[in-house]
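The values are calculated or read from the model by the stated rules, or taken from the named source; none is laboratory data. All values derive from a computational prediction rather than experimental measurement. Note: ideal-geometry Cβ built from the backbone for every residue, glycine included; neighbour counts use all protein chains shown.
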Amino acid sequence: MYPPDLKYTKDHEWIRIGGATARVGITDYAQKQLGDVVYLELPAVGRTLKKGEVFGTIESVKAVSELYSPVSGEVTEVNSSLTQKPETVNKDPHGSWMIGLKVSDAAESGDLLDASQYTDLTK
Amino acid sequence: MTQPGSAALKKTPLNARHRAAGARMVDFAGWDMPVEYSGIVDEHVAVRTRAGLFDVSHMGEIEIAGTDALAAVQRITSNDASRLAVGQVQYAALTTPQGTFVDDVLTYRLAESHFMLVVNASNIMKDFRWITDHVQEAGDAVAVNTSPRYALLALQGPAALQVLQSLTGIDLAGMKYYWFANGEVAAVKATVSRTGYTGEDGFEVFVAPGAAERVWDAIIDAGREAGVIPAGLGARDTLRLEASMRLYGNDMDETTTVLEADLGWIVGWKKPDFIGADVLRDQKATGVTRKLVGFEMIDRAIGRHGYDVYVDGRKAGVVTSGTQTPFLKKAIGMAYLPADRSETGTHFEIDVRGRRLKAAVVPTPFYKRAR
């Protein structure tokens, strides 16, 4: 059920890497844990993130959770239509990208989990 | 996902039903309870528009009986229990000598000299010790913790009356709000009260634990056509907050008085002395310094439990409950504010994870059902 073309973190983000750019969202497991999402706060374009740094917050009816960048890079795009309709994260978590990044260190992605490793983690 | 299967958690008689229905389970006050089944928003809207079925068997029951039972209840609770007819229910505070809350309770008058207090799950043992210590002062009265004898189901929503009526001979339409009757539900001996914690019409059904699954199944079956779904503690919390019903441990506790919690209407001012009455009378005469109010966020954010409140730039209180309401689709909550800054329309700020965001005092309840 976890798309094989994505990589995953232990903090339950996914990242789709295509060359020097990437898009980031949260996993199906994460949206289930959160429940109904009502707010999404994302960074400004141009912000530089380190791997593991908080890039935003996601809030459901019952909880607040921070979003962590899976790799280091510069924010090149922000999905503002998602902040307008944050409940989309519940319906289509792996299609709901939050930020786009220009990846600064391709070697970092070596620590990310693949779909089967992530599936094991969430069992 | 891995679900907590800890043997240390207490389970209600409906635990297997929740797990079979795929509920997300959480540790609530030491109980393994369903927080949501289909989702908080879905369940919340179902209760507002159709009906939802809740397992609230974790709640406690403490019965007080004896020739001086009324005097005992009058001594330990804030409200005037002498105004209760047999078959009637009343909301009250179990008060400390400081006029604060040991707990908030529903008092059922089962018979002339026999009462049942329905208490919060987290407080059962504390309440029972407190009540045992204090009923003796009233004379011939004993308290018994009868919690293990009851499972408690709550069917809440506009369809509750029609669905439950199909399973019982009790005349539910003729039952007034905050009254109860004994009879059968799904051929099981039951006590049914027109009470709830959702701001919606509905009923609470007390049955023996061994019969709980049968009654649960019967209500789900009878309610299928009307769209009745199981609902968890998550929706119970958003529903009660929309109706501005207080939650013990969040909105009031042993540090807040009944008047500070803006619950003066549950104080029997004319009844004989009760624990904490002198403090509450003083506060009524001189006024409280802080008061629980309802608020709505002006900025886009949720002010949650424990967040600090700032008035005129100074820390002046705390948020006690806050959420995004699924039905009204607004960020609402309750907070303690200085009494002189608690009027409707007052603007203040809430520290939302380091950012001071605007909110305003609004009238409560946030939601009131059409009658």
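Condition check ((1) out of contact with any Leu (no Cβ under 9 Å at 6 or more places or on another chain); (2) outside any loop (DSSP other than H, G, I, E, B); (3) at pLDDT below 95; (4) away from chain A (no Cβ under 14 Å)) across all residues:
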| position | (1), (2), (3), (4) |
| --- | --- |
| B:Pro13 | yes, no, no, yes |
| B:Ala16 | yes, yes, no, yes |
| B:Val35 | no, yes, no, no |
| B:Val45 | yes, yes, no, no |
| B:Arg48 | no, yes, no, yes |
| B:Phe54 | no, yes, no, yes |
| B:His58 | no, no, no, yes |
| B:Ile64 | no, yes, no, yes |
| B:Thr67 | yes, no, no, yes |
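Scan the range A:78-87 for residues that are surrounded by 18 or more Cβ atoms within 10 Å (Cβ to Cβ) and more than 13 Å from chain B (Cβ to nearest Cβ) and jot them down.
Those that are surrounded by 18 or more Cβ atoms within 10 Å (Cβ to Cβ) and more than 13 Å from chain B (Cβ to nearest Cβ): A:Val78, A:Asn79, A:Leu82.
Hey, among the residues in the range A:35-77 that are surrounded by fewer than 16 Cβ atoms within 10 Å (Cβ to Cβ) and within 14 Å of chain B (Cβ to nearest Cβ), which one's farthest from A:Arg23 (Cα to Cα)?
A:Ala63
Using the structure shown, decide if A:Thr9 is modelled with pLDDT of 95 or more, within 10 Å of the chain's Cα centre (by Cα) and more than 12 Å from chain B (Cβ to nearest Cβ).
So A:Thr9 fits the description; yes.
Quick check on the range B:233-248: of everything there that is in a helix (DSSP H, G or I) and small (Gly, Ala, Ser), which residue is farthest from B:Val41 (Cα to Cα)?
B:Gly234
Between a first residue in the range B:360-371 that is of a type in the set (S, T, N, Q) and a second residue that is part of a loop (DSSP other than H, G, I, E, B), which pairs have beta carbons less than 9 Å apart while being 6 or more apart in sequence or on different chains?
Cβ pairs passing all conditions: B:Thr364/B:Ala243; B:Thr364/B:Ser244; B:Thr364/B:Asp262.
For the range B:259-268, state whether one or more residues are under 29 Å from B:Arg236 (Cβ atoms) and among the aromatic types (Phe, Trp, Tyr).
yes
Would you be able to say whether some residue in the range B:87-98 is within 14 Å of chain A (Cβ to nearest Cβ) and surrounded by fewer than 17 Cβ atoms within 10 Å (Cβ to Cβ)?
Within the range B:87-98 (the criterion being within 14 Å of chain A (Cβ to nearest Cβ) and surrounded by fewer than 17 Cβ atoms within 10 Å (Cβ to Cβ)), the answer is no, since none of the residues qualifies.
Which ones in the range B:103-139 are under 14 Å from the mean Cα position of the chain (by Cα) and assigned to a strand (DSSP E or B)?
Answer for the range B:103-139, where residues must be under 14 Å from the mean Cα position of the chain (by Cα) and assigned to a strand (DSSP E or B): B:Asp103, B:Asp104, B:Val105, B:Leu106, B:Thr107, B:Leu117, B:Val118, B:Val119.
If you take the residues of the range B:269-300 that are more than 23 Å from B:Gly249 (Cα to Cα) and either surrounded by 19 or more Cβ atoms within 10 Å (Cβ to Cβ) or of a type in the set (A, V, I, L, M, F, W, C) (or both), which of them is farthest from the other protein chains (Cβ to nearest Cβ)?
B:Ala285
Name every residue in the range B:326-340 that is touching a residue at least 12 places away in the same chain (Cβ under 8 Å) and surrounded by fewer than 18 Cβ atoms within 10 Å (Cβ to Cβ), in order of residue number.
Passing the criteria: B:Phe327, B:Leu328, B:Lys330, B:Ala339.
Name the residue that is farthest from the other protein chains (Cβ to nearest Cβ), counting only residues in the range A:23-33 that are out of contact with any Gly (no Cβ under 7 Å at 6 or more places or on another chain) and modelled with pLDDT of 95 or more.
A:Val24
Please enumerate the residues belonging to the range B:64-90 that are of a type outside the set (Asp, Glu) and in contact with an Asp or Glu (Cβ under 7 Å, 6 or more places away or on another chain).
The answer is B:Gly66, B:Thr67, B:Arg75, B:Val86.
Filter the range B:302-314 for residues that are at negative phi and without any contact (Cβ under 8 Å) to a residue 24 or more places away in the chain and give the result.
B:Arg314
Taking the range B:20-33 only, how many residues are among the charged types (D, E, K, R) and either part of a helix (DSSP H, G or I) or more than 12 Å from every other protein chain (Cβ to nearest Cβ) (or both)?
Within the range B:20-33, residues that are among the charged types (D, E, K, R) and either part of a helix (DSSP H, G or I) or more than 12 Å from every other protein chain (Cβ to nearest Cβ) (or both) number 2.
Name the strands (runs of 3 or more DSSP E) wholly inside the range B:163-214 in which the number of residues that are of a type outside the set (S, T, N, Q), more than 23 Å from B:Ile229 (Cβ to Cβ) and under 21 Å from the mean Cα position of the chain (by Cα) is 2 or more.
Because the criterion is at least 2 residues that are of a type outside the set (S, T, N, Q), more than 23 Å from B:Ile229 (Cβ to Cβ) and under 21 Å from the mean Cα position of the chain (by Cα), the strands (runs of 3 or more DSSP E) in the range B:163-214 that meet it are B:180-185.
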